[in-house]
Each structure stands twice: as structure tokens, then as C-alpha cells.
Amino acid sequence: MPFKHNVCRRHRIGKMKLKVTSWAPYEAGLRQRGSLTLWMTPEALSSWQAPKRMTRGGQPRYSDLAIETAQMLGLVFGLRLRQTEGFVTSLLKLIGLDLAVPDHTTLSRRASKPIAPNKLPVDRIPEKGSVHVLVDSTGLQVYGADQWLEEKYSVKSRRGWRKLHLALDPDSGDIIAHVMTDREAGDASQVEPLLDQIDTPIRQFTADGAYDGEPTYDAVTKYSADAAVVIPPRANAVERKDNDPSSQRAHHIEAINADGRMKWQTATGYGKRSLVETAIGHYKSIIGRRLRARSFAAQQTEVALGSDVLNRILACARPKSVRVRQANA
């Protein structure tokens, strides 16, 4: 990355300045993010109660929509399950709806049920028919003692973390696929599960060096044969004579050896990968750095709802910025 090449003279390089060209709608969208306005469509009201069960077993009282709505409101406002129950009860009472609210034990139990990934709205599906996919992963803490307790008191902690893998569309800024695994899972092993959640063809797949390897190239080309794969090879990567001359990885190694890594990044558009890192920062600052659920299945549900919440929040306000060029004296 550029900051690694310029670390010795970073203090002499001026910071890039950006100007927001759509300030009025962006400011209105930022205010809209804090709005408490809640409306229930007739379809949601009719689907609040679970449909009648046609097989053996107990009849559920609440539909999946009711459970997801309550959990989503709890994520948005940072509430625990008991507080979520009271919050939803008061909201429905204020808008005059006589609907039963799931209690906190029902929310906890039903959270372990897997939910299907939410598809993008029709108005945000790319018109080109193909998407540019950016992929990265990050860690999310799980319930347990903090690290400073281990260092200060040498207590045995249950502290751990999960790995969140995200796929981002840089044109719309939406998270289009997500997978949560344990911390032992490799990044490259989750490329195929991420691609399975994407319905549109891929024109370019961009990721960092952790995804370098033939399995990643094979998974992407299997999904979209004409997709361009932009992954920086390892620093010690060399051209092999037995490689396929048409291999994209071989072309990347050849271009880096000939022109350098900086020119390769500019030519391939690798700099857009920073957008998925920005999305990860948004997730941790808005949704949180720590998972609230205890079980692994409930944590997967929490991540799925958190990604949907983040897409909805950021859709309210996205700035359009241009770089300010400074004239040399």
C-alpha cells in the first residue's frame, strides 16, 4: 500500500482534502438517521402472527418477521433483550397498534434460527448487470472477560472472537454478502460461500494478499468466467515456467516485476479495496465491536441483521465528494 512506501517521508506529504458536493441532501439524510418515525405496512400487520402450522408440534405465536423486527430495533438502539421488549411494546402502544410483543426469552430462543440473507432493493441493483466485489474480513469480540483483567489479575478468561467476512459493492456501498466463522477459518476458504449469496455476475473481484492463491482464482472464475481477479501476490512470489500463460496471477506477478507494485495498484484499481475497510469501520462504530449473543447460531443471526441495518442506515445519507486540488505556489 502507498503508506508503506512513503513511511519515511510521511510528514512531508499533505493530507488529501475532499469537498462534499451534495451537502444539503447529505445533511438531511444525517438527520433522517436519528428519526424515530416508525410505520407498519398492511402486509407487515397481517404477517405479524405466525401462520397456522400444518404439521405436528406446537403452534408458534410470532412470525419470523415479528422476531426480526424486534431484534433489528434492539441493534439500532443498542438495547438488550429485556429493554428491546419494553421498547417495542411502548412503540406499538404509541402508534395505537394492538399487537402482541415477543418477550425476551422468545427473542433469545428464536435468534438461533438461521435467516436468509436479505436481497438488495430493486432500486439499488446495478444497471450494468454485473458488480465489482470487494472482500475483507475482521474480528468481532464475544462475551467474556476483558483483556486487561488477564494481564492484571492473571484470571482465566473465556474471551474470544469470531471472524466476519464481508463482500461489498463499491458502486452502491451496500454489503451484498456476509459470512461469520470461528477465528480458525481462513479468509480464502470463505470466498465461495460469499459468492453463493450474490445473484448477479461479477466483473471484478478485489481482495488483499490474504486471499492470494489458486483456490481463490478458481472459485471466482467458476462463478464468473470473465471476472477479473485483482489480488496482490506475495512479496516473494516468482514467475513459474510451468504456469499457464493466461493465468491472471502470472500477469500480476509479471506486471509488478516490470513496473513496480505502485503502478500495478493504479492500473488495476486496487485502491478501491479501502472501501470495504471503511465498511468494516462503519459496522464496528454503528453496530458494535462485540457480539451480544452467546450461541454461535444466534451470533450468525445478529451479524445478518447487523449488515441489513447498516445498509439501511447508510442508504439514508451518502456524501458525494470530490478531491480538492491545491495549486502549487
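The values are calculated or read from the model by the stated rules, or taken from the named source; none is laboratory data. This structure is a prediction, so every number in the text was calculated from the model and none was measured. Reconstructed Cβ throughout: ideal geometry from the backbone, glycine too, with neighbour counts over all protein chains shown. SASA here: full protein model, heavy atoms, side chains in, ligands and nucleic acids out. Shrake-Rupley method; radii C 1.70, N 1.55, O 1.52, S 1.80 Å.
Can you give the three extents of the C-alpha atoms in the stretch 172-289 along their principal axes, from longest to shortest, in whole Å?
Between the extreme Cα coordinates on each principal axis of the stretch 172-289 lie 47, 30, 28 Å.
From the cross-link list 163/284; 15/272; 263/320; 52/113, which pairs have alpha carbons spaced over 20 Å apart?
On the way: 163/284 13 Å; 15/272 18 Å; 263/320 27 Å; 52/113 18 Å.
Exceeds cut-off: 263/320.
Suppose every Lys and Arg Cβ carries +1 and every Asp and Glu Cβ carries -1, with no other charges. What dipole size does the stretch 284-329 come out with about its Cα centre, to the nearest 20 debye?
Numbers: 10 positive and 2 negative charges, 48 e Å.
Roughly 220 debye for the stretch 284-329.
Based only on Cα atoms, what mean projected area does the convex hull of the chain have, in nm²? All intermediate terms of the calculation are to be shown ahead of the outcome.
On the way: hull surface 98.3 nm².
Hull-based average projected area comes out at 24.6 nm².
At 1.4 Å probe size, with every protein chain present, just tell me what the per residue accessible area of the stretch 176-238 comes to in Å².
Working: 2810 Å² over 63 residues.
Value for the stretch 176-238: 45 Å² per residue.
State the antiparallel share, in %, of DSSP beta bridges confined to the stretch 157-283, rounding to the nearest 5. Mind dumping the intermediate values first?
Values: 8 of 11 bridges.
Just about 75 percent of them are antiparallel.
Along the positive direction of the dipole of the chain (beta-carbon charges: Lys, Arg +1; Asp, Glu -1; about the Cα centre), which of 72, 178, 133 reaches farthest?
72
Using a 1.4 Å probe, how large is the accessible area of residue 196, given in Å² and rounded to the nearest 10?
The value for residue 196 is about 110 Å².
Expressed in nm to one decimal, what extension gain is obtained for the pair residue 153 and residue 30 from 0.36 nm per residue of sequence separation less their Cα-Cα distance? Can you show the working numbers first?
Values: separation 123, 0.36 × 123 = 44.28 nm, distance 4.36 nm.
Stretched fully, the residue 153-residue 30 segment lengthens by 39.9 nm.
State the antiparallel share, in %, of DSSP beta bridges confined to the stretch 161-232, rounding to the nearest 5. Could the numbers behind the result be given before it?
Details: 8 of 11 bridges.
Percent antiparallel among DSSP bridges in the stretch 161-232 is about 75.
Probe 1.4 Å, all protein chains in place: accessible area of residue 200 in Å², nearest 10?
40 Å²
Starting from 0 in steps of 5 Å, tell me what percent of the Cα-Cα pairs of the stretch 251-329 lands in each bin.
3, 11, 13, 14, 12, 11, 12, 11, 8, 2, 1, 0, 0
What is the distance in Å between the Cα centroid of the stretch 255-329 and that of the stretch 62-114?
That distance is 29 Å.
Which one of 192, 85, 184 has the biggest mean-square fluctuation once the chain is modelled by GNM with Cα springs under 10 Å?
184
How many Å² of accessible area per residue for the stretch 7-96, probe 1.4 Å? Can you show the working numbers first?
On the way: 6990 Å² over 90 residues.
Computed with neighbouring chains in place, this is 78 Å² per residue.
Can you tell me, using C-alpha contacts under 8 Å and at least 6 residues apart, the relative contact order of the chain as a whole percent?
Details: 409 pairs, mean separation 79.1, N = 329.
Once divided by the residue count of the chain, the mean separation gives 24 percent.
Quick one: putting +1 on the C-beta of Lys and Arg, -1 on the C-beta of Asp and Glu, what dipole do you get for the chain around its Cα centre, in Debye to the nearest 20? Intermediate values should be presented prior to the final figure.
Numbers: 49 positive and 35 negative charges, 278 e Å.
Using Cβ point charges on Lys, Arg, Asp and Glu, the chain gives about 1340 debye.
Can you work out the FRET efficiency for the pair residue 226 and residue 143, with r the C-beta to C-beta distance and R0 = 56 Å, to the nearest 0.05?
Details: r = 45 Å, r/R0 = 0.80.
Rounded to the nearest 0.05, the efficiency is 0.80.
How big is the antiparallel share of DSSP beta bridges in the chain, given as a percent to the nearest 5?
Bridges in the chain that DSSP calls antiparallel: roughly 70 percent.
Can you find, among 257, 51, 291, the residue farthest towards the positive end of the dipole of the chain? Put +1 on the C-beta of Lys and Arg, -1 on that of Asp and Glu.
Selected residue: 291.
If you line up the long axis of helix 23-33 against the longest principal axis of the chain, both from Cα atoms, how many degrees apart are they, to the nearest 10?
40 degrees
State, as an integer percentage, the relative contact order of the stretch 204-294 based on alpha-carbon contacts under 8 Å between residues 6 or more apart.
On the way: 57 pairs, mean separation 21.7, N = 91.
Value for the stretch 204-294: 24 percent.
Taking R0 as 25 Å, what FRET efficiency do you get between residue 47 and residue 199 from their Cβ-Cβ distance, rounded to the nearest 0.05? Don't skip to the end; give the middle numbers.
Details: r = 24 Å, r/R0 = 0.95.
About 0.55, to the nearest 0.05.
What FRET efficiency comes out for residue 56 versus residue 89 if R0 is 25 angstrom and r is the Cβ-Cβ distance? Round to the nearest 0.05.
0.20
Leaving ligands, DNA and RNA out of it, work out the accessible area of residue 251 with a 1.4 Å probe and give it in Å² to the nearest 10.
Rounded to the nearest 10, that gives 90 Å².
With runs of 4+ DSSP H residues as the only contributors, calculate the mean residue ellipticity of the chain at 222 nm using -39,500 (n - 2.57) per run, divided by the residue total and rounded to the nearest 500.
Values: 13 runs with 126 residues, N = 329.
For the chain, the value works out to -11000 deg cm²/dmol.
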